[in-house]
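Just so you know, all these numbers are worked out from the coordinates, no wet-lab data involved. Predicted model, so just to flag it, every value in this text is computed and none were measured. Neighbour counts run over all protein chains shown; Cβ positions are idealised from the backbone, glycine included.
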Amino acid sequence: MLAFILRRALQSIGVMIAVGIIAFTMFRFAGDPVNQMVAIDTTPAQRAEVRASLGLDDPVPVQFARYFINAVQFKFGVSYQFRQPVSALLKERMPATLELATCATVIAMVFGILMGIYSALRKDSFFAKVLQAVSLIGISLPTFLIGILLIYLFAVTLGWLPSFGRGDVVKFGWWTTGLLTISGLKALIMPSVTLGLFQMTLIMRLVRAEMLEVLRTDYIRFARARGLTTRAIHFGHALKNTLVPVITVAGLQFGSVIAFAIITETVFQWPGMGLLFVQAVQNVDIPIMAAYLLVVSLIFVTINLIVDILYTVVDPRLRATINRPA
Amino acid sequence: MTDAPIPRTPSLLARAIDSDIFYSFRRSKLTMVAAAIVFVLLMMALFAPVLVVQNPFDPAQLELINSRISPLWTAEGQRPFLLGTDEQGRDIYSAILYGMRISLVVGVLGVSFAAVLGIGLGLIAGYVGGAVDSLIMRIADVQLTFPAILIALLIDGVVKSALGNHLDASTTLIVLVVAIGLSFWVQYARTVRGSVMVEKNKDYVAAAQLIGLPARVIMIRHVLPNTMGPILVIATINLALAIITEATLSFLGSGMPDTMPSLGTLIRIGNNYLFSGEWWVIAFPGLALASLILSINLLGDWLRDALNPKLQ
């Protein structure tokens, strides 16, 4: 068990080093950092001075080591467009993205699981077929179209919800939250629904498929033979076994929710990391792009690691295969 | 008994009509509708220059007096602008046909690039094995952790910073194709590698090796055709994904420029007029994009089931 955790942790560190090399290569070689920082009328001597002060004359491995040591301490250099440290910008934007992604995941799980159970138990009902059709449309429509549609309906036509921004936020140290004000909650509804929709259809289809499979197994038949109530069988026995893979998928998907937040944040002008990243791509602000890549990769890799370890803790069958000598 | 007709080899068309796949195609009404929609949209995109009322990319043909006209069936509608016009007097219907062209070109080229790259790497990984295999598959594993849209955005951003921020439209198109290709190759590589691992132990490969065919010929002429079924399914589903990715990139402002808009660019432009009540500028490109993607997805789903021997 410990060996497995160690091996997985080493793998994760390997991935992070690979991503670090990519981020450094982008940072150093895509465009000239000095040209981005100085004015047009800067003399060559001044340019050389800037170059030396940034350490760009050192050998590449030395520069990489320096970048790496800085990155581990979350120092990612200075943004070309904002002239501020990238880490400060990311820190300022991170609460918005994490709050949005968490809300989206919660919405996706609650509604996805409920709809999945319904369409498995009443699989021939009209409403279940409607749900299946809607889920296909949900997968086919690009996120930004769904967001625009919601804005047109609830902000332009009905005027119920704000179309952009986070509303009023409350500060806790460096963390800001919109969950404690009415306007913040109202602003959160449409973006998190938009972001969660794809995950919701995914979870719904997964729960439906798993549930249908579990309902066919012998122990469910045995439970029926024992004369248990349908409710006890469905929710006490079947659902429990359905939820393990669902929680895994939802956990693993949290990383891609953060990445897909790029699109949702742009549609709703949500002041998170994704919007910062899109603006950085448009303005070729390489330090922000490289830092975003590193931070998001770190979140991905950490989640994958935790889910993998939790999975072996939860499911004894997996533990057996891991402990068996290969 | 003597009159029994000699069975003739049926023509290719007759064989196609008689095949299992065509049978399952005719049995599914939804698939036939989807195929019809894809076909019509494809033809409209292909023959766009003949079907439009103006060339939306030619500034000389745009008249400002024709700007902001609502669709034909509304009170302020005007001929010949069926779906209305935007602020520059661009006919929405014409812009959609040309935009669909760009979306389809980027989608098809992107998927082809991804397929060639993925199939090539998958063949090499599966056939050669060893360290090469591990290297390619580890890269694939790492890339699979990240969503394609993030990778495409990064590649797009890096290429732009390397080539300068202001690219002309056709260079942007190539950048998009490369970004999409590099984001979607993993699935092909994994599938092909799996099939190759199975196929390469079969007798026909051993026979080919015995008569001294070079590995390249065995891989491409003999092993590859046996892996084509799943590849076709992935390519169809990926086409929808590639079109979504292109539209998303264009919507985010790092895709096709306003001078040569794809459907995604048209939606981004239309988004600016959402609050001024000119809903048609965004609604029709959105509708075109949605129906294109939905129909391709339906075709892909059907193809997956039709080619899956377990379901028959």
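Could you give the DSSP H helices of chain B that reach 24 angstrom or more along their long axis (alpha carbon positions) and whose average Kyte-Doolittle hydropathy is no lower than 1.6?
Span-like helices, by this rule, are B:29-46, B:92-128, B:228-252.
How high is the FRET efficiency from residue A:240 to residue A:48, r the C-beta distance, R0 60 Å, rounded to 0.05?
In this case the efficiency is close to 0.35.
For segment A:1-136, taking Cα atoms only, what is the radius of gyration to one decimal and the Dmax to the nearest whole Å?
Considering segment A:1-136 through its Cα atoms, Rg and Dmax are 24.5, 77 Å.
So what are the ³J(HN,Hα) numbers for segment A:85-98, from phi and the Karplus equation (6.51, -1.76, 1.60; θ = phi - 60°), rounded to whole Hz, Gly and Pro as x?
Residue by residue, segment A:85-98 yields x, 4, 5, 5, 4, 5, 4, 5, 8, 4, x, 4, 5, 5 Hz.
Counting only residues 5 or more places away or on other chains, whose amide H sits under 5 Å from the amide H of residue B:255 once H atoms are built in the peptide plane?
Here B:250 satisfy the definition.
Pull out a ≥ b ≥ c, the square roots of the eigenvalues of the alpha-carbon gyration tensor of chain B, then state rounded if a/c is under 1.5, prolate if not and a/b is larger than b/c, and oblate in the remaining case.
oblate
Please compute the modelled spin-label separation between residue A:129 and residue A:13, points set 7 Å along Cα→Cβ, answer in nm with one decimal.
5.7
If you filter segment A:215-312 for trypsin sites (Lys or Arg not before Pro), then keep DSSP loop positions with at most 12 other Cβ within 10 Å, what is left?
Numbers: sites: A:216, A:221, A:224, A:226, A:231, A:240; in loops: A:216, A:226.
Taking segment A:215-312 and a limit of 12 other Cβ atoms within 10 Å, the loop trypsin sites (Lys or Arg not before Pro) found are A:216, A:226.
Show me, for segment A:207-215, the HN-Hα J-couplings you get by feeding each phi into the Karplus relation (A = 6.51, B = -1.76, C = 1.60, θ = phi - 60°), rounded to Hz, glycine and proline as x.
4, 4, 4, 4, 5, 4, 5, 5, 5
Compute the label zone of residue A:58 within segment A:276-303: residues whose backbone N is under 19 Å from the point 7 Å along Cα-to-Cβ.
Those under the cut-off are A:287, A:291.
For chain A, find the longest principal axis of its Cα atoms and tell me its angle to the long axis of helix A:286-314, 0 to 90°, nearest 10.
30
Once you place label points 7 Å from the Cα toward the Cβ at residue B:138 and residue B:272, how far apart are they in nm?
About 4.8 nm, to one decimal.
Take every Cα pair under 8 Å in chain B that's 6+ residues apart, average their separations, divide by the length, and report that relative contact order as a whole percent.
Relative contact order here is 22 percent.
Once amide H atoms are built 1.01 Å from N in the peptide plane, which residues 5 or more positions from residue A:78, or in another chain, come under 5 Å H to H?
Distant-sequence amide H within range of residue A:78: A:86.
With springs connecting C-alpha atoms under 10 Å apart, model chain B as a Gaussian network and identify which of B:239, B:210, B:51 has the largest mean-square fluctuation.
Evaluated over chain B, the most mobile residue of the options is B:210.
Under the rule a/c < 1.5 gives rounded, and otherwise a/b versus b/c splits prolate from oblate, where does segment B:198-268 land using the Cα gyration tensor?
prolate
From the backbone phi of segment A:63-79, what are the Karplus-calculated ³J(HN,Hα) couplings (6.51 cos²θ - 1.76 cosθ + 1.60, θ = phi - 60°) in whole Hz, Gly and Pro given as x?
4, 5, 4, 5, 4, 5, 4, 5, 5, 4, 8, 6, 10, 10, x, 10, 5
Per residue of A:247-255, count partner chain C-beta atoms within 10 Å of its C-beta, then hand back the mean as an integer.
Mean partner shielding for this stretch: 1.
Can you give me the relative contact order of chain A as a percent, contacts being Cα pairs under 8 Å and 6 or more apart?
26
Would you please give the residues with an amide H less than 5 Å from that of residue B:53, counting only those at least 5 places away or on a separate chain, with H modeled from the backbone geometry?
Amide H neighbours of residue B:53: B:94.
Treating only the Cβ atoms of Lys and Arg (+1) and Asp and Glu (-1) as charged, compute the dipole magnitude of segment A:73-176 about its Cα centre; round to the nearest 20 debye.
Charge dipole, segment A:73-176, about its Cα centre: 220 debye, nearest 20.
Enter the mean projected area of the convex hull around the alpha-carbon atoms of the protein assembly as shown, in nm², rounded to one decimal.
Details: hull surface 167.5 nm².
Dividing the Cα hull surface by four gives the mean projection, 41.9 nm².
With +1 on the Cβ of every Lys and Arg and -1 on the Cβ of every Asp and Glu, and nothing else charged, how large is the dipole of the protein assembly as shown about its Cα centre, in debye rounded to the nearest 20? Write down the numbers at each step before the final one.
Numbers: 47 positive and 36 negative charges, 466 e Å.
The calculation lands at about 2240 debye.
Using a Gaussian network model of chain B whose springs link C-alpha atoms within less than 10 Å, name the residue from B:174, B:102, B:234 with the highest mean-square fluctuation.
B:174
GNM, chain B, Cα, under 10 Å: largest mean-square fluctuation among B:146, B:275, B:113?
It is B:275.
Pull out a ≥ b ≥ c, the square roots of the eigenvalues of the alpha-carbon gyration tensor of chain A, then state rounded if a/c is under 1.5, prolate if not and a/b is larger than b/c, and oblate in the remaining case.
oblate
Of A:121, A:190, A:111, whose Cα points farthest to the positive end of the dipole of chain A (charges on the beta-carbon: +1 Lys, Arg; -1 Asp, Glu; origin at the Cα centre)?
With unit charges placed on the Cβ atoms, the residue in question is A:121.
Work out the charge dipole of chain B with +1 on the Cβ of Lys and Arg and -1 on the Cβ of Asp and Glu about the Cα centre, then indicate which of B:139, B:267, B:196 is farthest towards its positive end.
Value computed over the given set: B:196.
Using 0.36 nm per residue of separation minus the Cα-Cα distance, give me the extension gain between residue A:252 and residue A:22 in nm, one decimal. Write out the running numbers ahead of the final one.
Values: separation 230, 0.36 × 230 = 82.80 nm, distance 2.28 nm.
Full-extension gain reported as 80.5 nm.
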